[in-house]
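Have a look at the structure below before the remarks.
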Amino acid sequence: MLCTQLNSAKILILFYLNTEMDDFDDDSFNDVLGAMEMPTAAKQPKVDAPAAKAVNPAPSNSTEPSGSGRPAPGKPASNPHCVLVHSKQRGNPILKSILNVPLEFRDDIVPDYVVGRTSCVLYLSLKYHNLNPDYICQRLKALGKMYELRVLLVQVDTPEPNNALKSLTRISLLADLTMMLAWNAEEAGKIIETYKQFEKRPPDLIMERVESNPHQKLLAALTNIKPVNKTDAAALLHTFGNLGNIINASEERLSQVMGLGPRKAKKLYKTLQEPFLSK
């Protein structure tokens with residue numbers, strides 16, 4: 001069901017992009033894109049099917065991870081905490097920003113960076129893409145169906161990126177890529193580093209945490225009023241005891257709270273006295 005919804009969403013986005021890209025008519029580019037083997041979702045194995053025998057006993061340089069329809073290179077990193085970097089990426093300025101995970105340069109990987117057992121990154125400068133629009137399609141053709149998470153890391157280094165980003169978005173949808181944008185080399189390096197650091201972290205680690213304690217909820221509500229911070233909110237609750245007393249306090253009384261001051265008190269008082277519903 002989820003796959004059907006995602007495919008429908010992709011179709012709608014592609015329709016929108018196609019209507020917006022009237023000036024994108026490079027026949028050679030479309031030919032390359034059309035010839036590229038696009039990845040498909042892994043088929044679910046039948047329960048009653050007998051175990052399949054290997055058709056080709058010849059040794060292979062890739063293995064297929066459990067539960068995945070996409071193979072990944074079989075030779076692991078010497079250090080599991082390393083980001084594998086293709087040797088051609090030596091000298092890329094983004095490497096200077098990868099400080100918290102070690103790097104291992106390799107010639108036997110297809111993507112530019114391998115950030116996990118089933119995750120990889122292709123790096124693309126938008127300036128280079130404008131000069132060589134077929135480059136990314138050739139890279140994807142070589143990548144084939146390898147890796148489950150395939151990130152296209154685009155460094156936006158041109159003053160007019162809109163048309164190029166539209167074309168790359170279309171390619172990302174067709175080739176099942178996750179496109180990430182970085183606005184400088186430092187951001188690009190940090191994105192790669194973060195993918196590696198969160199390789200084995202649970203997804204709820206980056207989900208919003210909802211406070212269950214009423215006191216914490218009240219502190220969070222007060223800090224939503226700029227420029228009130230957590231220290232100010234704690235001082236207000238300590239001084240007045242509850243939210244009702246804070247609302248009924250005068251602006252002068254609010255300004256007497258330690259650390260609040262006249263400017264914050266004026267903003268807080270004005271916010272608390274505004275009606276919740278506009279007439």
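Taking amide H as placed 1.01 Å from N in the peptide plane, the amide H of A182 sits under 5 Å from that of V154, Q155, V156, each at least 5 places away or on another chain. Within the set of other residues whose C-beta is less than 12 Å from the C-beta of L254, count the net charge using Lys and Arg as +1 and Asp and Glu as -1. Neighbour charge sum, excluding L254 itself: +3. For the peptides 110-118, 213-221, the ranking by packing is 110-118, 213-221, with the highest mean count of neighbouring Cβ atoms within 10 Å listed first.
Could you please put R253, R150 in sequence from largest to smallest accessible area, using a 1.4 Å probe? All intermediate terms of the calculation are to be shown ahead of the outcome.
On the way: R253 90, R150 5 Å².
Accessible-area ranking of R253, R150, largest first: R253, R150.
Averaging sequence separations of C-alpha pairs under 8 Å and six or more residues apart, then dividing by the length of segment 79-206, give the relative contact order as a whole percent. The partial results should precede the final answer.
Working: 185 pairs, mean separation 36.9, N = 128.
With pairs under 8 Å counted, the relative contact order is 29 percent.
Over segment 76-171, what is the percentage of antiparallel beta bridges among all DSSP beta bridges, to the nearest 5? Could the numbers behind the result be given before it?
Values: 5 of 16 bridges.
Taking every DSSP beta bridge within segment 76-171, about 30 percent pair in antiparallel fashion.
Along segment 124-141 the Karplus relation, 6.51 cos²θ - 1.76 cosθ + 1.60 evaluated at θ = phi - 60°, assigns HN-Hα couplings of 9, 7, 5, 5, 5, 4, 5, 7, 9, x, 7, 4, 5, 5, 5, 5, 5, 5 Hz to successive residues, with x for each Gly and Pro. Each residue of segment 79-86 was assigned a 3J(HN,Hα) from its phi angle through the Karplus expression (A = 6.51, B = -1.76, C = 1.60, θ = phi - 60°), giving 10, x, 8, 7, 8, 7, 10, 5 Hz with x at Gly and Pro.
The values are calculated or read from the model by the stated rules, or taken from the named source; none is laboratory data. Note that this is a predicted model, so its numbers are computed, not measured. When we count neighbours, we look across all protein chains shown, and the Cβ atoms used for this are built from the backbone with ideal geometry, even at glycine. The accessibility values were calculated without ligands, DNA or RNA, using every heavy atom of the protein model including side chains. Shrake-Rupley method; radii C 1.70, N 1.55, O 1.52, S 1.80 Å.
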